[in-house]
Amino acid sequence: MHVETTTISGVLLIQPKVFRDPRGFFTETFQRPRYRDAGLTADFVQDNFSRSAKGTLRGLHYQIQHPQGKLVQVLQGKIFDVVVDLRRPSPTFGRWLGLELSHETCRQVYIPPGCAHGFCVLSDTADFTYKCTDLYFPEHERTLLWNDPALGIEWPLTDEPILSNKDRAGIPLDRAEVYDAIQ
């Protein structure tokens, strides 16, 4: 397994070992001792799975209380994954990072608590899984506006994205609730 830091404080890009042969491939998606040895000490308590159609954009979501760290991976398809740092004391506060994830690369991204997360689907469909460090609390969920001009996220979209009503009604960064401490 190879772990790289990114331009956002605490966000890690993880390349698990992938064993390929004529039958296909095998990879370990998580093993607590191996990930702890690599510096990822998060304690995961919930796993989620979603399937989305091409052009779907989900996000940018976060929980203002019970913030969640997430270990994300695409099991089938390809997405553009986005993280926005919402930790006011962080040197990367208000900055975003976008990475392409696919089933072909098996890459994972660790997103620490205190960041908003979203993605758009680039393939016909995408199966997406993520491990969370805290449970889901809908009353604490917030949505950062996906196309806030102040963020300037360069989504690789050719058409208007497919959005939920919640994502359409996201709040721009200058009005969003953010974290006053690094989680």
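The values are calculated or read from the model by the stated rules, or taken from the named source; none is laboratory data. All values reported here derive from a predicted model rather than from experimental measurement. Cβ sites come from the backbone with ideal geometry, for glycine too, and all protein chains shown count toward neighbours.
Okay, residues lined up against (1) in contact with a Leu (Cβ under 8 Å, 6 or more places away or on another chain); (2) farther than 24 Å from A181 by Cβ; (3) acidic (D, E):
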position	(1), (2), (3)
L40	yes, no, no
Y62	yes, no, no
L71	yes, no, no
R87	no, no, no
E104	no, yes, yes
F119	yes, yes, no
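If you go through segment 73-124 and pick out every residue that is surrounded by fewer than 18 Cβ atoms within 10 Å (Cβ to Cβ) and closer than 19 Å to I171 by Cα, you end up with 3.
If you go through segment 12-29, how many residues are surrounded by 15 or more Cβ atoms within 10 Å (Cβ to Cβ), touching a Ser or Thr at 6+ places or on another chain (Cβ under 8 Å) and within 30 Å of P89 (Cβ to Cβ)? Spell out the reasoning first.
Taking segment 12-29 as the starting set, the residues that turn out to be surrounded by 15 or more Cβ atoms within 10 Å (Cβ to Cβ) are 12-14, 16.
Now restrict to residues that are touching a Ser or Thr at 6+ places or on another chain (Cβ under 8 Å): 12-13, 16.
Then keep just the ones that are within 30 Å of P89 (Cβ to Cβ); that gives 12-13.
Result for segment 12-29: 2.
Would you confirm, using the coordinates I've provided, whether D148 is part of a loop (DSSP other than H, G, I, E, B), out of contact with any Leu (no Cβ under 8 Å at 6 or more places or on another chain), at pLDDT 95 or above and of a type in the set (D, E)? Judged against the criteria, D148 is not a match. The residue that is modelled with the lowest pLDDT, counting only those in segment 76-124 that are over 22 Å from A150 (Cβ atoms) and β-branched (V, I, T), is T105. Of the candidates R51, R32, the single residue that is surrounded by fewer than 18 Cβ atoms within 10 Å (Cβ to Cβ), over 16 Å from L13 (Cα atoms) and modelled with pLDDT under 95 is R32.
Set side by side, the residues V109, V74 differ, and just one is in contact with a His (Cβ under 6 Å, 6 or more places away or on another chain), part of a strand (DSSP E or B) and not polar (S, T, N, Q), which is V74.
Identify the residue in segment 132-183 that is exposed (fewer than 12 other Cβ atoms within 10 Å of the Cβ) and touching a Gly at 6+ places or on another chain (Cβ under 7 Å) and, among all such residues, is farthest from F30 (Cα to Cα). Filtering first and then ranking leaves D159.
Looking at T7, T41, just one residue is in a loop (DSSP other than H, G, I, E, B), free of Cβ contacts under 8 Å to residues at least 12 places away in the same chain and not acidic (D, E), and that residue is T41.
Answer yes or no as to whether R58 is of a type in the set (K, R), in contact (Cβ under 8 Å) with a residue 40 or more places away in the chain and either within 27 Å of I182 (Cβ to Cβ) or not in a strand (DSSP E or B) (or both). Spelling it out, R58 is indeed of a type in the set (K, R), in contact (Cβ under 8 Å) with a residue 40 or more places away in the chain and either within 27 Å of I182 (Cβ to Cβ) or not in a strand (DSSP E or B) (or both). Cβ-Cβ contacts under 8 Å between residues 6 or more apart (or on different chains), taken from a first residue in segment 66-91 that is on the phi > 0 side of the Ramachandran plot to a second residue that is in a strand (DSSP E or B) and aliphatic (A, V, I, L, M), are listed as G77/V121; G77/A126.
The residues of segment 10-38 that are among the polar types (S, T, N, Q) and either in contact (Cβ under 8 Å) with a residue 60 or more places away in the chain or assigned to a strand (DSSP E or B) (or both), listed by number, are Q15, T27, T29. Cβ separations smaller than 7 Å between residues 6+ apart or across chains give the following pairs from segment 119-140 residues that are basic (K, R) to residues that are assigned to a loop (DSSP other than H, G, I, E, B) and at pLDDT 95 or above: K131/F44.
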